[in-house]
Amino acid sequence: MKRMFKYFSVVFLVFAVSCLVALGASPAAAAQLGKPNAVFDVNQMGDMSDFDPGNPVVPTGDTIKIAVVAAFSGPSAYNGQIYYAFVQWVAHDINKRGGIMVDGKKKLIEVIKADHMSKMDQVKRVTERMALQEKVHVFWGTDGSHFMKVINDTADKYKIISVNATCMADGLQDATNFSRYAFHAAFSTGSAARALAYYYGQIRKKEEKFYILNQDYAFGHDFAAAFKNGLKEYYPKAQLVGEDFHKLFLTDYAPYLSKIKASGAEVIFTGDWLPDAGNLLKQARQAGIMLPFANTYIDEPNYLNETGVEGTKGLVNVSAYFHTTPFFKTPEQIKFYKTWADQAKTWKTPPYNSIAFTHATANTAGWIMTTYWLMSVIERAQSTDPEKIIKVWENDTYQYVNGKVVKMRACDHKMILDLGVAEFVPPEQQKVAMNIPPYYWFKNASYVGPVHVVPAEKVLPWMDQKLNRCAGKNDWGE
């Protein structure tokens, strides 16, 4: 970062900071993040008119191999299908451009499904097979931080780059679990939970009584603890009126919902992901509980549309992708959105022909941008050598299509960024975000309206000072 400043005048630095502030970044974050090292350029995209995640064009041979390690069968299979679509989108684009120059040769991107079936023994087997037989260059995952840990362990064992694009658990890159080959390119547990606390305490300033209901494993407990810490920090007069944890892939939430109803809660806080997130929402509304959910993953369009406008109104969703409203400020942003939306209308294969794939927003667009960031790093490294990739990605900054700048903290490989908290509103109010025709996201569901930016410096990801690489550094990693 210090080297970069040698090449830019003070005038240009002020200009860059001003641009970031205009896009929604705080002055402190803008100064720390600086000018991005690379920018996603919509105008460089290849022809996407034949892209279909249900019938992908997958090259073979001497390729750059990315294993999407996720559940493609079992109760969490839908997550794997979602991930594959977005990684394959990026691969298709890069391949239509002719590939990436690595090690003196242009190579195409090959995306491989690696089904962990939501089973610990299977994730070990499938990652070993990907490493030894498929000889993949990158692991990309996954649905479940406990599975991501196994992926990272395998990556460390065989010196393979591992991209954590979806899991939030801070402990994945602590002193015990840190791997040089693993990159936490998702927002973290502590950051997301504290962002919701910041929103309620410093922005909204209305509801004061919260009930926590999370999945009963490491992430759920860590997310709950981070929210409680966030309330102490940003909303000390808030009250916690209940806290419960349920097993993964639960089918009956009635016992928990009864306790919530009797608690006097004004907001339900949950980190549940699919299918739990959607089932929890639907059962709460069926039980007559219309309280808002402060959440990370209650944003899947099928569940939202099945629940209806009234049942989804008032949901509060924190996202790594949300930036500022309106969503579409430049022709390039509109072009990217329409490229996806127009192509999605042609897909006939389930689940890709469902309403869930109408828009690339929220977490899904974030996963796309994370994958483009990975491709940019490999391209700038000009190699699939993990050591060269690590050298480029540490301290790297990248600009998403919506103007958001993200940074990879070098000492523990965690992503730093502003977070966006969105309020879900009825269709007639969605124009504040969806500012192009038809001026709403969905007719039958409330969805993203006002988005409030939580500055990066307020929710910097937790850093384990016991990790030697981070000892003595501040939370920016400096």
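Just so it is clear, none of the values below were taken in a lab; they were calculated from the coordinates. This one's a predicted model, so the numbers in the text were calculated from it and none came from an experiment. Here the Cβ is made from the backbone with ideal geometry for all residues, glycine too, and neighbour counts use every protein chain on show.
For Cys167, what residues show an amide H to amide H distance below 5 Å, using hydrogens built from the backbone and excluding near sequence neighbours?
Sorted by chain and number, the residues that satisfy this are Thr142.
Which value in nm describes the separation of the simple spin-label points at Gln202 and Lys237, placed 7 Å from the Cα toward the beta carbon?
1.8 nm
Between the DSSP loop rule and a limit of at most 12 other Cβ atoms within 10 Å, which trypsin sites (Lys or Arg not before Pro) in region 113-212 are left?
Hits after loop and neighbour filter: Lys135, Lys205, Lys206.
Given the Cα-Cα distance of Tyr217 and Lys124 and 0.36 nm per residue of separation, how much length would full extension add, in nm?
Gain on extension, Tyr217 to Lys124, equals 31.6 nm.
Quick check for you: which residues of region 389-425 have the amide N under 17 Å from the point 7 Å beyond the Cα of Thr358 toward its beta carbon?
Within reach of a label on Thr358: 424-425.
In nm, give the distance between the simple-model label positions of Glu379 and Ala225, each being 7 Å from the Cα along the Cα-to-Cβ direction.
About 4.0 nm separates the two model spin labels.
If I stretch the segment between Asp47 and Asn474 completely, what's the gain in nm (0.36 nm per residue apart, minus their alpha carbon distance), one decimal?
That works out to 149.3 nm of additional length.
What FRET efficiency do you get for Asn302 and Asn435 if R0 is 25 Å and r is their Cβ-Cβ distance, rounded to the nearest 0.05?
Calculated transfer efficiency: 0.50.
Quick one: what Rg and Dmax do you get for region 64-212 from the alpha carbons, in Å?
Radius of gyration, then largest Cα-Cα span, for region 64-212: 17.6, 59 Å.
Below 17 Å, Cα to Cα, which aspartates and glutamates can Lys209 reach? Residues fewer than 8 away in the same chain don't count.
Glu233, Glu243, Asp244, Glu266
Kindly flag which residue pairs out of Lys157/Lys345; Lys228/Lys407; Lys205/Lys473 have an alpha-carbon separation exceeding 31 Å in this structure.
Going by Cα-Cα distance, Lys157/Lys345; Lys205/Lys473 fall outside the 31 Å limit.
Tell me which lysines have Cα within less than 17 Å of Lys329's Cα, excluding those fewer than 8 residues away on the same chain?
Excluding near neighbours in sequence, the set is Lys338, Lys404, Lys431.
Set the Förster radius R0 to 41 Å, insert the Cβ-Cβ distance between Thr330 and Asp174 as r into 1/(1 + (r/R0)^6), and round the FRET efficiency to 0.05.
That pair, Thr330 with Asp174, gives E of 0.60.
For the peptides 96-102, 296-302, what is the packing order when you average, over each peptide's residues, the other Cβ atoms within 10 Å and list the highest mean first?
Most protected by this proxy first, the peptides run 296-302, 96-102.
Taking a cut-off of 12 Å between Cα atoms, list the aspartates and glutamates near Lys135, but don't count ones fewer than 8 places away on the same chain.
Here the aspartates and glutamates satisfying the reach criterion relative to Lys135 are Asp62, Glu110.
Run the Debye formula on the Cα coordinates of the chain, all scatterers equal and no solvent, and tell me log10 I(q)/I(0) at q = 0.05, 0.06, 0.07 1/Å.
Values, matching the q order: -0.17, -0.24, -0.33.
DSSP loop (so not H, G, I, E, B), at most 10 other Cβ within 10 Å: list which chymotrypsin sites (Phe, Trp or Tyr not before Pro) in region 36-87 pass both filters.
Filter output for region 36-87: empty list.
Only helices at least 27 Å long along their own axis, judged from Cα atoms, and with Kyte-Doolittle mean hydropathy of -0.5 or greater: name those in the chain from DSSP H.
The answer, listed by residue number, is 77-96, 362-381.
Students often check this: by mean Cβ neighbours within 10 Å, which of 160-173, 268-281 ranks highest, and how do the rest follow?
Ranked from most to least packed, the peptides come out as 160-173, 268-281.
Taking the Cα atoms of region 114-199 alone, what are Rg (to one decimal) and Dmax (as a whole number) in Å?
Cα-based Rg and Dmax for region 114-199 come out at 13.3, 47 Å.
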